[in-house]
Structures are given as C-alpha cells and as structure tokens.
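J.: Got a structure for you, written out below as structure tokens; questions coming shortly.
The values are calculated or read from the model by the stated rules, or taken from the named source; none is laboratory data. A quick note: this is a predicted structure, and the numbers were derived from the prediction, not measured. All Cβ positions, even for glycine, are placed from backbone atoms using ideal geometry, and neighbour counts span all protein chains on display.
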Amino acid sequence: MSMGISPQVYDYCSDIEHRLQERFREIDHVAECNQMKVLAAMRKNRLSEACLVPSTGYGYNDIGRETLEKIYADVFGTEDALVRQQITCGTHALALALMSQLRPGDELLSPVGKPYDTLEEVIGIRPSNGSLAEYGISYRQVDLLDDGEFDWDGIRAAVNEKTKLVTIQRSKGYDSRPTLSVDRIGQLISFVKGIKPDVICMVDNCYGEFVELQEPSQVGADLVVGSLIKNPGGGLAPIGGYLVGTKECIERAAYRLTSPGLGKEVGASLGITASLTQGLFLAPTVVKGALKGAIYAANIYEGLGYKVIPDSRESRHDIIQQVIFHDPDLLVAFCQGIQASAPVDSFVRPEPWDMPGYDAQVIMAAGAFVSGSSIELSADGPMKEPYAVYFQGGLTWEHAKYGIMMSLQKIYETGKISLDQKSL
Ligand SMILES: *Cc1c(COP(=O)(O)O)cnc(C)c1O
C-alpha cells in the first residue's frame with residue numbers, strides 16, 4: 001500500500017476503531033463544551049483584529065496580550081492570568097509559580113508524591129544553583145498509597161505552621177501512579193484547606209487542559225500552571241507558559257517574571273499573540289484528537305496482550321499513553337513508526353542515545369512543526385526494563401490514528417507478533 005500499512009495491520013486497527021465509536025462520542029461532547037467555553041471568553045472580552053497586531057519594546061498597553069490574559073482567566077474561571085512567551089517552557093512556568101509565592105522559611109508540600117523530574121532541581125531535591133532550598137525554603141512530600149489513594153493521615157500530619165504552598169501534579173507524567181481527575185484534585189484541595197485555609201493550592205496542569213469539562217481552578221485551586229507547547233497552545237503556540245489564579249497569586253508571579261512594580265504591564269508580544277490566541281481557539285479540538293489517539297492505542301496494544309496505562313477502558317484525565325513492551329526491539333520499532341508517520345522529519349530513523357541526566361539510553365520520536373512540542377504526535381522511552389513507551393499528542397485524530405497504525409506496522413515487521421488470529 002502506498003501509505004506503507006499492510007492489510008493485516010489495517011484490518012486489525014479498523015476493527016478496534018469500530019468498537020470505540022461510543023467512547024469517541026463522549027470525547028466529542030467534551031470538546032464541544034470546551035470549544036464553547038473558549039469562544040464565549042473570546043466574545044465576552046471582545047477579541048478584535050487590533051489584538052493580533054505585534055507590539056515591541058516595553059510592550060506597554062499591549063491590547064492583544066491583555067485581552068488574551070482576560071480570555072485565559074475566563075476559560076479557567078480565575079480572577080487573573082499571566083500568559084507569556086517570556087515564559088520559556090512548562091518547567092519555567094512552574095518554577096516561576098513556586099519562586100514567586102514562596103519566601104524564606106516557608107515550606108512546600110507535595111501530597112501526591114515526587115513531582116516531575118525537572119522540578120527536582122527547582123525545589124532542591126537534587127541540589128542546584130538558585131533552587132528553593134538555597135533560599136531557605138523547605139520541602140516535604142507525602143506519597144500516594146499503593147492503591148493510588150491519597151494518604152489522608154500522612155497529609156494531615158505533614159501540614160504545619162510553615163506550610164505555605166501545596167503543589168499538586170495532575171498528570172502522572174513519567175511516573176507510574178494514576179493521573180488525577182479534576183474531581184479528585186478538588187477533594188484534595190478541600191481537605192488541605194480544611195486543615196489550613198490560607199495555604200496556596202497550586203496545580204501543575206501540564207497535559208490536562210481541556211481533557212475534562214472543568215479545570216482544577218474550578219474546584220478550588222488558587223494557581224494553575226502549564227505549558228503552551230502542550231494542550232492549550234493548540235499546536236500553534238511557538239513558545240510560552242501560562243499561570244491562572246487569584247489576583248494576588250498572579251501579581252506575585254508577574255512581579256517575579258518581570259520586576260516588582262512592573263508586573264504585567266511590560267512584555268512585548270513581538271507578533272506572537274495571534275498564534276497564542278488562535279492556538280487556544282483550536283486547543284479543545286486538538287486535545288480531542290490526541291485523546292482519541294491515546295484511547296485507540298490503548299485498545300490496539302491491550303488487544304495484543306501488552307499492559308497499557310491507562311487501560312483500554314479507564315476514563316482519561318490527561319493525554320499521555322503508556323505501553324509496556326518488555327522488549328527493546330518493540331520499543332524501538334514503535335518509536336520508528338511514530339517518526340515515519342510524522343509530517344516533519346519523517347525520513348529520520350530514531351535510535352537510542354545517551355541523553356544527559358538519564359541512567360539508561362533513551363529513544364525519542366518527534367517530527368514536529370514546533371520543536372519539542374508534545375501536543376504534536378511524539379513518543380519516547382528509556383531503554384531499560386520494562387521497555388515502556390510514553391506517547392502523546394497528535395494535532396488531528398487522523399494523524400494520530402495513522403501514526404499508531406504505523407507504530408504497529410513497524411512492530412509487525414519485526415516478525416515478533418502475529419495479527420492473524422487477533423481479528424475479533
Ligand atoms: C511537561 C511537563 C512539565 C515540564 O514542562 P517542560 O515544558 O517540558 O519544561 C512539568 N510537569 C508535567 C506534569 C509535565 O508533563
């Protein structure tokens with residue numbers, strides 16, 4: 001076949017797709033509601049052509065930037081927002097959030113276990129220049145219980161007079177714990193506020209935006225943080241991060257990002273506002289495609305006998321899918337399939353390499369219009385047991401579907417699996 005998919009792979013995948021129509025309709029419904037939410041915020045704030053014009057220099061009175069921030073605040077149901085290309089990535093947005101709210105002597109608490117890898121140096125779990133630890137900010141962590149539940153007793157015992165901010169990571173990221181639903185985040189926030197009402201509850205919302213009808217800011221979070229080259233940038237944002245939350249939290253963050261006194265008043269858009277705004281407009285639809293892709297892959301690989309997390313039926317709270325192969329050849333083949341299906345760099349053949357900071361080789365597949373963008377179809381995994389691939393994204397469902405079929409094609413070509421008896 002011209003697209004490189006053999007009939008056995010195509011037939012197996014088509015069977016799976018047909019059985020997912022009910023599931024896909026639910027996802028369509030969430031996307032439709034979120035599209036209306038975004039559109040309503042754009043209309044309410046009178047988004048106009050003038051908003052899309054670049055500003056330079058200090059960027060005072062940049063109407064496009066100010067309007068986009070009001071739109072974000074309305075979409076997330078918060079008092080205020082900081083949405084900037086001067087925030088370089090998700091880690092930067094999270095570091096900004098933590099460093100702006102915490103003062104020497106304060107304590108940071110994570111009641112959901114170890115935070116995302118890159119935050120270890122921010123917090124000082126691994127010593128680093130300028131970490132929170134260097135500023136005399138201590139850190140405490142309460143792990144989830146073995147069954148994934150919150151350790152309510154442990155959390156109650158950990159909150160003390162120094163506890164200033166509680167950080168809650170929604171997505172499991174590259175951990176093996178479950179991703180938190182917005183409902184569960186709400187329960188956790190109520191519990192923490194019941195113990196200490198004035199504690200700031202912050203949520204790392206990376207990969208979670210628009211997956212559900214509500215965002216964590218609508219269930220009590222004071223501050224919600226994420227990356228624009230993931231879900232809310234809709235694939236169009238070329239850079240950036242966002243913080244949404246209470247007026248005080250956002251002011252502290254803005255004073256830290258630019259300068260005390262200047263805050264949100266400066267920050268030229270340089271012409272990027274149009275992409276950030278249009279990206280937000282597309283985000284609910286893009287997330288819809290990525291979610292369908294994740295569920296499709298879960299069903300395809302679970303059907304072949306591999307463990308997948310989340311499993312084929314679980315409800316979804318982020319766009320990440322994990323497939324566990326226990327076989328290095330299959331992990332490599334999967335990534336090569338994702339790469340071969342990419343719109344950019346499809347001719348590149350990914351190989352495992354020694355990535356700095358990792359104790360095993362890592363293989364990565366990405367062929368993205370925006371470098372490193374993980375709302376675009378991408379996959380990676382460390383070359384060690386259990387040889388698990390993490391994959392996410394897809395700007396359209398049609399592309400996600402083709403990419404996943406291609407991953408199976410490359411696995412099929414290893415000769416290690418048979419599809420003949422799999423047709424149901
Ligand atoms: C991606 C991610 C981050 C960090 O974002 P970068 O843009 O890669 O710096 C933090 N937390 C979670 C849960 C993420 O998925």
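Residues are listed down the side, and each one gets a yes or a no for (1) farther than 18 Å from Lys172 by Cβ; (2) of a type in the set (Gly, Ala, Ser); (3) in the same structural domain as Asp175 (by TED's automatic domain parsing); (4) modelled with pLDDT of 95 or more:
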{"residue": "Val370", "(1), (2), (3), (4)": "yes, no, no, yes"}
{"residue": "Asp380", "(1), (2), (3), (4)": "no, no, no, no"}
{"residue": "Val389", "(1), (2), (3), (4)": "no, no, no, yes"}
{"residue": "Gly394", "(1), (2), (3), (4)": "yes, yes, no, yes"}
{"residue": "Ile404", "(1), (2), (3), (4)": "yes, no, no, yes"}
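J.: I'm trying to understand the selection: among the residues of the stretch 322-371, which are within 16 Å of the ligand (Cβ to nearest atom) and surrounded by 13 or more Cβ atoms within 10 Å (Cβ to Cβ)?
T.: Once the filter is applied, which keeps residues that are within 16 Å of the ligand (Cβ to nearest atom) and surrounded by 13 or more Cβ atoms within 10 Å (Cβ to Cβ), the stretch 322-371 yields Gln322, Met355, Tyr358, Val362, Met364, Ala366, Ala368, Val370.
J.: If Lys410 meets every condition in (1) more than 27 Å from Ile239 (Cα to Cα); (2) loosely packed, with under 14 Cβ neighbours inside 10 Å; (3) in contact (Cβ under 8 Å) with a residue 60 or more places away in the chain apart from one, which number is that one?
T.: All conditions pass for Lys410, except number (2).
J.: Enumerate the pairs (first residue in the stretch 302-330 and among the hydroxyl-bearing types (Ser, Thr, Tyr); second residue anywhere and away from the ligand (no atom under 16 Å from the Cβ)) with beta-carbon separation below 8 Å, excluding pairs fewer than 6 apart on the same chain, so at least 6 apart or on different chains.
T.: Matching pairs, first to second residue: Tyr306/Val323; Tyr306/Ile324; Tyr306/Phe325; Ser312/Ile295; Ser312/Ala298; Ser312/Asn299; Ser312/Glu302; Ser312/Gly303.
J.: Further question on the same structure: Which one is nearest to the chain's Cα centre (by Cα), of the residues in the stretch 84-97 that are buried (at least 20 other Cβ atoms within 10 Å of the Cβ) and within 12 Å of the ligand (Cβ to nearest atom)?
T.: If we take residues in the stretch 84-97 being buried (at least 20 other Cβ atoms within 10 Å of the Cβ) and within 12 Å of the ligand (Cβ to nearest atom), then Gly90 is nearest to the chain's Cα centre (by Cα).
J.: Go through (1) more than 28 Å from Arg156 (Cβ to Cβ); (2) part of a helix (DSSP H, G or I); (3) within 16 Å of the ligand (Cβ to nearest atom); (4) free of Cβ contacts under 8 Å to residues at least 60 places away in the same chain and name the single condition Ala41 misses.
T.: Among (1) more than 28 Å from Arg156 (Cβ to Cβ); (2) part of a helix (DSSP H, G or I); (3) within 16 Å of the ligand (Cβ to nearest atom); (4) free of Cβ contacts under 8 Å to residues at least 60 places away in the same chain, the lone unmet condition for Ala41 is (3).
J.: Would you please name the residue that is surrounded by the fewest Cβ atoms within 10 Å (Cβ to Cβ), looking only at residues in the stretch 271-319 that are among the charged types (D, E, K, R) and farther than 15 Å from Arg23 by Cα?
T.: Out of the qualifying residues, it is Lys307.
J.: Give me the residue from the stretch 305-321 that is more than 16 Å from the ligand (Cβ to nearest atom) and within 21 Å of Ile417 (Cα to Cα) and, out of that set, farthest from the chain's Cα centre (by Cα).
T.: Ranking the qualifying residues of the stretch 305-321, first place goes to Gly305.
J.: From the list Val362, Val332, Val348, which one is aliphatic (A, V, I, L, M), more than 29 Å from Gln21 (Cβ to Cβ) and touching a Phe, Trp or Tyr at 6+ places or on another chain (Cβ under 8 Å)?
T.: Of the residues listed, the single one that is aliphatic (A, V, I, L, M), more than 29 Å from Gln21 (Cβ to Cβ) and touching a Phe, Trp or Tyr at 6+ places or on another chain (Cβ under 8 Å) is Val362.
J.: Next question, about the same structure. Hey, can you tell me all the residues within the stretch 177-234 that are assigned to a loop (DSSP other than H, G, I, E, B), away from the ligand (no atom under 16 Å from the Cβ) and either of a type outside the set (Val, Ile, Thr) or crowded, with 24+ Cβ neighbours inside 10 Å (or both)?
T.: Matches in the stretch 177-234: Lys196, Pro197, Asp198, Leu213, Gln214, Gly220, Asp222.
J.: Here's another thing I want to ask about it. Here's a check for you: in the stretch 98-142, which residue that is more than 12 Å from the ligand (Cβ to nearest atom), more than 16 Å from Cys201 (Cβ to Cβ) and β-branched (Val, Ile, Thr) is farthest from the chain's Cα centre (by Cα)?
T.: Result: Ile137.
J.: So is Leu223 more than 15 Å from the chain's Cα centre (by Cα), under 28 Å from Gln278 (Cβ atoms) and of a type in the set (A, V, I, L, M, F, W, C) or not?
T.: Here the answer is yes, as Leu223 does meet what is asked.
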